[in-house]
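What follows is a short report on a single structure.
What follows is calculated from the coordinates using simple rules that are stated; it is not laboratory data. None of these values were measured; they are calculated from a predicted model. Because the Cβ atoms are built from the backbone with ideal geometry, glycine has one as well, and the counts that use them run over all protein chains shown.
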Amino acid sequence: MLLGAALYAWNFPSRASAQNPDTIAVGDFSSGRQEDGLPLGWQPLAFDKIVQHTRYEMVNDNGVAVIKAQSRSSASGLIRNIEIDPREYPIVQWRWKIEGVLTKGDARQKKGDDYAARLYILFEYDAALLSWRERVKYKVARILSGEYPPGAGMTYIWGNRTEKGTMVASPYTDRSMMIVVQSGNSRANKWVIEERNILSDFREAYNAEPPMITGVAIMTDTDNTGESATAWYGDIIFIGPHQ
């Protein structure tokens, strides 16, 4: 499922702030703070025409609060709308765990565009990064919603067969570039800590400087493959260049 399908429901992000100026805890799941059953500051991300939604809940994993996702032929995510300057906080660090990859998953085909776990980084609208036709679409979206939807995205995925380190455009749109940070089941059922330089990844993906980050989302989805998946997400932190 393509995150861009929900762009018209986008809410303008709040400005990031942190007690520690060197880090921003975007997903402070381990604190256990929640509202209406969701981690504080996060909200559901649903898609038009998708009836079955992935279930997200805060659970205890060896004494630490984390988000558990269960998908059964379903698709939805959790999103936090937040504004971050990737030049000030170029590093994103998170940890995740999956029960297993999807047998039919394929990063290069729409019918296989499902993942046991993925992390989205969304960027604000920047006309310089878009074609004339795309700019027209975004202007229409702004008229309908009052704000420009995100203009580009980086997606870090746990794939099943695509080689680790591969960068590939989403089969739905080249405005969302995907990077395979884990692949296969060799590390399934184990917590894995990830760290990526968003600044470098965006430059490589789009051959341009990144605009402001406007949101972060997590998603476990199986609507295209019709399979089932379970994943867990730990804290998501943005780190300054001198940490």
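Counting only other residues whose beta carbon sits under 10 Å from that of residue 230, what net charge do I get with K and R as +1, D and E as -1?
Values: positive: 55, 68, 72, 97; negative: 99.
Overall, the nearby charge balance is +3.
Taking amide hydrogens as modeled 1.01 Å from N in the peptide plane, which residues meet the under 5 Å criterion relative to residue 114, leaving out close sequence neighbours?
106
Add +1 for every Lys or Arg and -1 for every Asp or Glu among the other residues with Cβ under 12 Å from the Cβ of residue 68, and state the total.
Working: positive: 55, 97; negative: 57, 61, 99.
Local charge sum for residue 68: -1.
What does segment 18-95 give for Rg and for Dmax, in Å, if only its C-alpha atoms count?
According to the Cα coordinates of segment 18-95, Rg and Dmax are 14.4, 41 Å.
Please give, to one decimal in nm, the separation of the simple spin-label points placed at residue 50 and residue 193, each 7 Å out from Cα toward the Cβ.
About 3.1 nm separates the two model spin labels.
How much FRET efficiency would the formula 1/(1 + (r/R0)^6) give for residue 228 and residue 208, where r is the Cβ-Cβ distance and R0 is 41 Å, rounded to 0.05?
Details: r = 38 Å, r/R0 = 0.93.
The computed FRET efficiency comes out at 0.60.
Starting from the Cα of residue 88, step 7 Å along the direction of its Cβ; do the same at residue 103; then give the gap between the two resulting points in nm.
So the two model labels end up 4.9 nm from each other.
Give me the net charge of residue 23's neighbourhood, meaning all other residues with Cβ under 12 Å from the Cβ of residue 23; Lys, Arg count +1, Asp, Glu -1.
On the way: positive: none; negative: 22, 28, 88, 235.
Result for the neighbourhood of residue 23: -4.
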